[in-house]
Amino acid sequence: MEKSPNPASSLVRIDRLDAPQKEDLRKLYSQGRWTQGREAADIETMLRYSDIIVGLCRRDSRKLVVFARALTDRVYKAFLFDVIVEEAYRGTGLGRVLLDAAVNHPVLLNACHIELYCRPELVPFYARWGFEVKRDDLCFMRLAR
């Protein structure tokens, strides 16, 4: 039986997005439940103010296929956002490659806590890196505008 190729071997890691990759990101967002409807101008602003960007794009076309970003104070807290894999690449192991790159990013290595939001069905995925559902005296709160 022939071993299937490692999808990560045909990808390149990036830490900033060019104009076509920003459009790729907008399309990736349209595939996510929590990210649908994001506008190009807002994505541009979000990218400008994100501390860390981790993406993987195809080596041949430079098309962005996985993405995550983080906000951090570099000491106490880091927060991962928008961990997303293009539908065609889901189930190939690229989510693991992306998370490894994000949690081991040099800027995040000294942060005491790395936190994220996820849907309940994704808790086992993130638990592989030591993320835990915390049921303590902290409450998730949101002011929607």
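Just so you know, all these numbers are worked out from the coordinates, no wet-lab data involved. For clarity, every value in this text was computed on a predicted model and none was experimentally measured. Because the Cβ atoms are built from the backbone with ideal geometry, glycine has one as well, and the counts that use them run over all protein chains shown.
Quick look at the values:
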item	result
Residue-count net charge about Pro20 - beta-carbon cut-off 11 Å; Lys, Arg +1, Asp, Glu -1	+2
Helix-only mean residue ellipticity at 222 nm for the chain, each DSSP H run of n ≥ 4 adding -39500 (n - 2.57), per residue, nearest 500	-7500 deg cm²/dmol
Proximal aspartates and glutamates relative to Lys77, as straight alpha-carbon distance under 19 Å, when same-chain residues fewer than 8 apart are discounted	Asp51, Asp100, Glu115, Glu132, Asp136, Asp137
Cα gyration tensor, the range 39-117 - rounded (a/c under 1.5), prolate or oblate	oblate
Which label in (i) 50, 42, 29; (ii) 51, 45, 25; (iii) 57, 32, 29 gives the computed Cα extents along the principal axes in Å	(i)
Relative contact order of the range 23-143, pairs being alpha-carbon contacts under 8 Å that are 6 or more residues apart, as %	20 percent
